[in-house]
Each structure stands twice: as structure tokens, then as C-alpha cells.
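Q: Sharing a structure, written as C-alpha cells. Questions coming.
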Amino acid sequence: MLSDTERRELEEAVKHYPDKRGAAIDALLTIQRRRGWISDDSLLEIAQFLEITVEELDSVATFYNLVFRKPVGRHVAFMCDSISCWIKGCERVQEQIKKLYDVELGQTTSDGRLTLLPIACLGQCGRAPAMMIDQDVHGDVTPDTIEQIVEKYK
Amino acid sequence: MERPLTQHTHPDGTTRTFREYVQDGGYRGLQRLASGLAPKDVQRLVSEAGLRGRGGGGFPTGTKWSFVPMGPDAPKPKYIVANGDEMEPGTFKDRVLMEGDPHGLVEGMILAGYALDAEVGYIFLRGEYHLSAQRLNQAIAEAYAEGYLGKTIPGTGFRFDLHLHASAGRYICGEETALINALEGKRAVPRAKPPFPQTVGLWGQPTVVQNVETFYNLPHIVNHGAAWYHGLSRTQDGGTKIYGVSGRVTHPGWWELPLGTTAREILEEHAGGMLKGVHFRGVLPGGISTAFLIEGHLDLPLDFSSLPAQVGRLGTGTMIVLDDHTCPVGFVLNLERFFARESCGWCTPCREGLPWVARILTSFEEGHASKDDLALLDMHTKWLAPGHTFCGLAPGAMAPLQSALQYFRDDFEQHISRGRCPWRHKPAQLKVLV
Ligand SMILES: Cc1cc2nc3c(=O)[nH]c(=O)nc-3n(C[C@H](O)[C@H](O)[C@H](O)COP(=O)(O)O)c2cc1C
Ligand code: SF4
Ligand code: FES
């Protein structure tokens, strides 16, 4: 069930739209911030709140890169694999992080610490290769500095 | 050289505060409204200024606005939407504006609202732009507290409300009709046009969607007029442009320059030329949905009306440089993988065609492509040309491919004849250069 705080946050989001459904993304992201991901149960609770069917909401939830329909680790590392980062060697950075943490793209480390995901251009192309951990952007990443960056996220 | 959009932006990346914005003349455009500038006057100013949309298409903003129903019988409410979905690879201009000067967007949107008698605005922001979100939220709260939003602007009878919508990461949301579906909480696939959003948009109401950078121009046009604005540029399109460069150049970055600056000037004077030891081969002038420009094009003015259509389009103005140590086929493969991944899946040619293109390009990189595969790539540039798909994503994906097949054909052929990528197996060399 939605907690009182969650319900209050959703009610706040809905105010920005003439139709409750407009808040679908806000609602999914709000609940995800609190619960880490969107389980089937969460999806149902949000759909009921927005007064749409769970299928309709799932067609929205599954469309987006940043809505997690599976559990993720305590931290999520988004590795930019678009063109400017590719030119500057993002593939080697990816290889290094996979090796260091024994994890593939789309997977979570066995200790639940880190999920590794590819992402489209982060708008940091002047500092390529770039990545984002949770909400922090890191630019000019190299295979030599990646460990130092990730170590801050326990 | 005047840089109205960014002359006060802090070079260290911190945000320009509300107080600084007002001290430098910010929100003065709203006072001009009170002194007798009617909505139709603002519309006329924008048309005369020759402002063209900065989202990539370069559509004249005044013309776009002329389709919005006006007058007492016009439907209400009308909506203004800022397109801040910026997910076009290589593009980071809207981010630097929103992070550096969030109040400029708020004021630009209020002015657009006034001109079109639209009382509600949304900023549609890509979900990954957390810093922009934080700074815009603060700016919106400050504008409410100061009465620029949510209250009648003194002397005008006009009131504007503004909301920030953070999206959740999908390139197609930048297409304006998909964006409208996304804002309504629906799956973000494009809508059929006509009807155009200016008459039937958000929740069926008249809606104008403009790129973030486009809005930033409005306060300056209202304050200084059309003639001044024309004087900023070097060509018939008015104003300045945020240009950017990434790739193996000495100083990747962004600069506000007169519209019509040449690629050569941007690459050599501002980006400092190529890194030592690498040479220029081509450049995508504005994000990855544009065609390559090569050496012979570098002295053409970069704007929305001077580039001959058979050469290409400016797009977003943020360039990506291809150098001679980077495989053009691998480069284009990276682009087509992006497009295949981000295709919304709504129409068959794009949903099926883009992954096919990516698979063919992979076979080139893996060294088992044949002449037939080259012909298939040529064919796809026709099958996915404008008019064959539901929206502009797939035709955009074909622009760099088609021009690469034209200018770098020899490289494609070498992949076939040698049975491998000629750029692989040179790790020692790459190590020095990257
Ligand atoms: C696939 C696709 C993605 C787009 N992404 C963006 C975007 O991220 N930002 C943007 O302003 N325009 C984007 N556009 C263009 C918009 O549809 C629209 O033309 C633009 O926002 C209009 O603003 P303007 O007239 O101020 O340029 C995209 C178009 C397509 C086909
Ligand atoms: S062209 Fe691609 S992105 Fe556009 S509607 Fe068709 S499938 Fe969707
Ligand atoms: S291509 Fe990686 S941040 Fe733009």
C-alpha cells in the first residue's frame, strides 16, 4: 500500500496536470526513489491512484530507460556509449569496470552494490568519455581512474 | 561580438542567481509588455527578427506561431512547452543554458505565453539532467515568489503558470508529438500530423513546442528589437547560436557565436584544431541526425538557410568530428545502434529496418560483409527516407549513413576486400592518441 508520505507526494505531482494520468512518469519516478524499483505491486498501487489500468501504466513504465521494472543495486552506474564517448574510448572504460566488479551491462554485482547500464549521450560530450553514477556525472573517465570514481559509492 | 544568451553565464559552471539575473536587466521584457506591447506586437517582432527554431529543424518561429488560434473565440487553455529532452548524441547546448541561466528560460516562456495568449507552460526535461532540474525548480519557485508566475503581470491582465516535467529517458520524447503523448502520461509514440499541435496539441488544446534555446532568444528580441537581432548574425537568419564541438580536437566545448559562422572557424579558432597527430576527415554539424560535412564544405556559413539541401542541415549546431584514426564504419555503426535502440517501434520500416542496418554494419566491422551488403545499405537509405516512416527518427538515422556511404565508400569497400576492419589491430597507436 502507498504510505502516507508517498500518497502526499503523488497528490502534489498530480496538481501539475489537468488529468491525473499526466503524472504517470512523476508517480513512477517518485515511488522508485523510495522503493528502488517498480515491482508489479507498486505498479498496481500507482495505477489505482492514477485511475488507469495497470496495463496502460505498464506500457508507459516499460517504455523508459530510467524506470526499473527489475530490482537494481544500491547504486546504478550509467555508462554513456554514444558517439563522442565511443571516439574517446568508452569501450575500454566499460571493459575495465566489468572486469573490476565482475559484472556485465544490465547486471548487478553479487553483493548488490552496483548495477551497470548503458545510456545514451549524457550531454557531457566535451568531457568524453562520460558516465553517471546515481545522479552524479563524471567526465574524462579513463580505465585508470574508473576504480577511484566507483569506490566512493559503497 | 555580442553574446546575449551567455554573456553573463558564469564560466565555472555555477548558476546565475535570480538577483544577478534581475540586476543585469532580466525580466525587463515583462515590463515592456506593460508599456503597451500587445501580443500581436510580440509575434510580429519574432517574425521580423527572423528567429528560427533551434531544436534542429530551423523552422521559422513566427510562422509556427501564426497557426495558433487567437482572439476571444480561441480555445482555452493554450499551452507552451519547452523541449528540453536533449538526447541527440553529441548535443549539450540546452544543458549549458538551463544549468547556467535557468531564469532565461522562465522569462522566454512567459513571453511566448503572452504572445500566444497561452496561460500554462511545461518544461519537458530529459530525466538524466538532474542538475538542470534542481536549478530550474529553484528558478520557478523564485519566479512564483516574485509574482512573475502565477499572478497577473501588472498592466497586462496576463497570468502564466509553469511546471517542470522530468522525463525518464527516451530519445523519441524529443519529437514534439511524442512529447505531447509523454506529457499526457501515455506511451511516447508520435502522433499523426495534421492536425498540428498548434491547433490540436496537449489534451486536445492549441500547443506550441519550442526548443529550449529558442526561448532564450525571446527576451532579447523583445528588449532590443528585430533590427538589432538581425545584426547579431552573419546571414539572413537572425541571432547567435550555441555551437559545440566534441571528438579528437584540442579544446572540446561550446561557444555562442553569430549564426552563419563557418565550421572551419569553429573547429580551428575555437576548438583549437585537431589533437596532435590526428587529422580531420569529416564532421557531423549538429548531432547525429545530420549528414557529414567534409573538407570542401568547411567554409560554408553554418545556419538554417545557407547550407544547400544536397549538402546537409545544421541540426543542433553541436558538431562531432571524425578523425583519421577512427573507423568511419565503426563510427556509423555506433550511430545506427543508437537509433535502433531508441526507435519507438511504432512503424515497421523503422522498427525492423534500423536493427537490420546495424546488423549489416556489424558484419562489416567483423569482416564478413560482401558487395551485396553494401548495396543493402544503399537501399536502406531510400527505404527509410523521409515520407516512408511515421516520424523523422529513421530519416534522421539515414543522413549520416548515406553521406558516409558517399564520402567514405572506399573505407566500406576495404572492410570487404580485406575481410577485417582496417582500424583494428593497431592498439599501440591508439593508446598514444586517446
Ligand atoms: C526523433 C526526434 C527527436 C527530437 N528531439 C528533439 C529534442 O531533444 N529537442 C528539441 O528541441 N527538438 C527535438 N526534435 C524536434 C522537435 O520535434 C521539434 O521540431 C522542436 O522541438 C521544435 O522546436 P523549435 O522550432 O524551437 O526548433 C526531435 C525530432 C525528432 C524527429
Ligand atoms: S520512424 Fe521510428 S521512431 Fe518514428 S514512429 Fe516510426 S518507429 Fe517510431
Ligand atoms: S556522447 Fe557521451 S556524453 Fe555525449
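Q: Within segment A:59-76, track down each residue that is buried (at least 18 other Cβ atoms within 10 Å of the Cβ) and either within 14 Å of chain B (Cβ to nearest Cβ) or without any contact (Cβ under 8 Å) to a residue 12 or more places away in the chain (or both).
A: Answer for segment A:59-76, where residues must be buried (at least 18 other Cβ atoms within 10 Å of the Cβ) and either within 14 Å of chain B (Cβ to nearest Cβ) or without any contact (Cβ under 8 Å) to a residue 12 or more places away in the chain (or both): A:VAL60, A:ALA61, A:PHE63, A:TYR64, A:ASN65, A:LEU66, A:VAL67, A:PHE68, A:VAL76.
Q: Still on this structure: Out of B:GLY155, B:GLY169, which single residue is away from ligand 1 (no atom under 14 Å from the Cβ), in the same structural domain as B:LEU37 (by TED's automatic domain parsing) and on the phi > 0 side of the Ramachandran plot?
A: After ruling out the rest, the residue left standing is B:GLY155.
Q: Just checking, does segment B:193-206 include any residue being open to solvent by less than 10 Å² (accessible area, probe 1.4 Å), assigned to a helix (DSSP H, G or I), in contact with a strand residue (DSSP E or B) (Cβ under 6 Å, 6 or more places away or on another chain) and more than 10 Å from ligand 1 (Cβ to nearest atom)?
A: The answer is yes, given that some residue of segment B:193-206 is open to solvent by less than 10 Å² (accessible area, probe 1.4 Å), assigned to a helix (DSSP H, G or I), in contact with a strand residue (DSSP E or B) (Cβ under 6 Å, 6 or more places away or on another chain) and more than 10 Å from ligand 1 (Cβ to nearest atom).
Q: Could you check segment B:305-363 and list, in sequence order, the residues that are open to solvent by 40 Å² or more (accessible area, probe 1.4 Å) and within 16 Å of ligand 1 (Cβ to nearest atom)?
A: Those that are open to solvent by 40 Å² or more (accessible area, probe 1.4 Å) and within 16 Å of ligand 1 (Cβ to nearest atom): B:SER305, B:ARG313, B:ARG337, B:ARG341, B:TRP346, B:PRO349, B:ARG351.
Q: Test of understanding: among A:LEU28, A:LEU10, A:LEU44, which residue is away from chain B (no Cβ under 13 Å) and assigned to a helix (DSSP H, G or I)?
A: A:LEU44 is the lone residue from the list that is away from chain B (no Cβ under 13 Å) and assigned to a helix (DSSP H, G or I).
Q: Hey, can you tell me all the residues within segment B:347-391 that are of a type outside the set (Ser, Thr, Tyr), within 14 Å of ligand 2 (Cβ to nearest atom), more than 24 Å from B:ARG424 (Cβ to Cβ) and out of contact with any Phe, Trp or Tyr (no Cβ under 9 Å at 6 or more places or on another chain)?
A: Correct list: B:ARG351, B:GLU352, B:TRP383, B:LEU384, B:ALA385, B:PRO386, B:GLY387, B:HIS388.
Q: Out of the residues in segment B:46-96 meeting the condition of being within 11 Å of chain A (Cβ to nearest Cβ) and not in a loop (DSSP other than H, G, I, E, B), tell me which one is nearest to ligand 3 (Cβ to nearest atom).
A: B:ARG95
Q: Separate question: Of all residues being open to solvent by less than 40 Å² (accessible area, probe 1.4 Å) and out of contact with any helix residue (DSSP H, G or I) (no Cβ under 7 Å at 6 or more places or on another chain) in segment B:282-296, which is nearest to the other protein chains (Cβ to nearest Cβ)? Just the residue, please.
A: B:GLY287
Q: Let me ask something additional. Mind checking whether some residue in segment B:243-264 is charged (D, E, K, R), modelled with pLDDT under 95 and open to solvent by less than 10 Å² (accessible area, probe 1.4 Å)?
A: no
The values are calculated or read from the model by the stated rules, or taken from the named source; none is laboratory data. Remember, it's a predicted structure, so these values are computed and weren't measured experimentally. Note: ideal-geometry Cβ built from the backbone for every residue, glycine included; neighbour counts use all protein chains shown. The accessibility values were calculated without ligands, DNA or RNA, using every heavy atom of the protein model including side chains. Shrake-Rupley method; radii C 1.70, N 1.55, O 1.52, S 1.80 Å.
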